[in-house]
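Everything below concerns the one structure shown next.
Rule-based calculations on the coordinates, nothing more; no lab input. The structure presented is a predicted model; accordingly, all values stated were derived computationally and were not measured. As a convention, Cβ positions derive from the backbone with ideal geometry for all residues, glycine included, and neighbour counts pool all protein chains shown.
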């Protein structure tokens, strides 16, 4: 009997040691700027931010929507940078191309500098559903610095995801952010026309 207990304990130790060594490596994802045609060159300056995201997705792990009232965290698939920073950077990169100006910066980088326009974004939904869709719902405000005039809007985008991969989810979120950036660029152009 004692011999059997020793053998069983040895098997348990081997199983535990083997299980600890088989942890999958973490993968890191980032959002990307759109490959849009360049806008008419301009000398406008725009600061992007602040950008806020819902608390439930404001974490390193990619948060997956698993049901109408349920989400899951994937410990091994993570954002490479905080999500709000990732979104700010992509919107800024998109605006550089869409507005034809290199003078687009992030809010924290230019807290004391005056820009012609400021685009603040409040992301209200950022849903990731593998194999189905990436959904974005954001309220944004573009403010003209010289007189404080604003344009406010809402961008709602749902981009299909054909694969169940995280690469496909990140690409779909990037497409949704391109639509958000187009709406912000249109508001900047409208305010610029009205101020001349």
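Would you please give the FRET efficiency between residue 192 and residue 36, computed as 1/(1 + (r/R0)^6) with r the Cβ-Cβ distance and R0 = 22 Å, to the nearest 0.05? Don't skip to the answer; put the middle values down first.
Working: r = 19 Å, r/R0 = 0.84.
For R0 = 22 Å, the calculated efficiency reads 0.75.
Order of 191, 95 from fewest to most other C-beta atoms within 10 Å?
Details: 191 19, 95 25.
Ranking 191, 95 by Cβ neighbours within 10 Å, fewest first, gives 191, 95.
Any chance you could run the full-extension gain for residue 163 through residue 85? It's 0.36 nm times the residue separation minus the Cα-Cα distance, nm to one decimal.
Numbers: separation 78, 0.36 × 78 = 28.08 nm, distance 2.58 nm.
Difference between extended and current length: 25.5 nm.
Helix 83-99 versus the longest principal axis of the chain: what angle, 0 to 90°, nearest 10, using Cα atoms?
Its long axis makes an angle of about 40 degrees.
Sort 177, 108, 99 so that the residue with the fewest other Cβ atoms within 10 Å of its own Cβ comes first and the one with the most comes last. Don't jump to the answer; show the numbers that get you there.
On the way: 177 30, 108 11, 99 25.
In order of increasing Cβ crowding within 10 Å: 108, 99, 177.
Enter the Cα centre distance for the pair the stretch 115-141 and the stretch 40-104, rounded to the nearest angstrom.
Measuring centre to centre over Cα atoms gives 7 Å.
May I ask you to derive the FRET efficiency for residue 150 and residue 23 from their Cβ-Cβ distance with R0 = 41 Å, giving the value to the nearest 0.05? Can you show the working numbers first?
Numbers: r = 49 Å, r/R0 = 1.20.
It comes to 0.25.
Describe numerically, in nm with one decimal, the distance between label points set 7 Å from Cα along Cα→Cβ at residue 74 and at residue 132.
The answer from the label model is 1.5 nm.
Can you give the calculated 222 nm mean residue ellipticity of the chain, where each DSSP H run of n ≥ 4 adds -39,500 (n - 2.57) and the sum is split over every residue, rounded to the nearest 500 deg cm²/dmol?
On the way: 3 runs with 66 residues, N = 196.
When only DSSP H runs of four or more count, the value is -11500 deg cm²/dmol.
Sort 29, 117 so the one with the fewest other Cβ atoms within 10 Å of its own Cβ comes first. Could you put the intermediate results ahead of the total?
Numbers: 29 19, 117 24.
Going from sparsest to densest Cβ surroundings: 29, 117.
What do you get for the angle between helix 2-21 and the principal long axis of the chain? Use alpha-carbon atoms, 0 to 90 degrees, nearest ten.
20
Quote to one decimal, in nm, the extra length available between residue 61 and residue 122 on full extension: 0.36 nm per residue of separation minus the C-alpha distance between them. Present the calculation step by step, with values, prior to reporting the outcome.
Details: separation 61, 0.36 × 61 = 21.96 nm, distance 2.02 nm.
Stretched fully, the residue 61-residue 122 segment lengthens by 19.9 nm.
For log10 I(q)/I(0) by the Debye sum over Cα atoms at q = 0.08, 0.18 Å⁻¹, which listed value, (i) -0.49, -1.13; (ii) -0.24, -1.41; (iii) -0.35, -1.16, comes from the coordinates shown?
Here the calculated entry is (iii).
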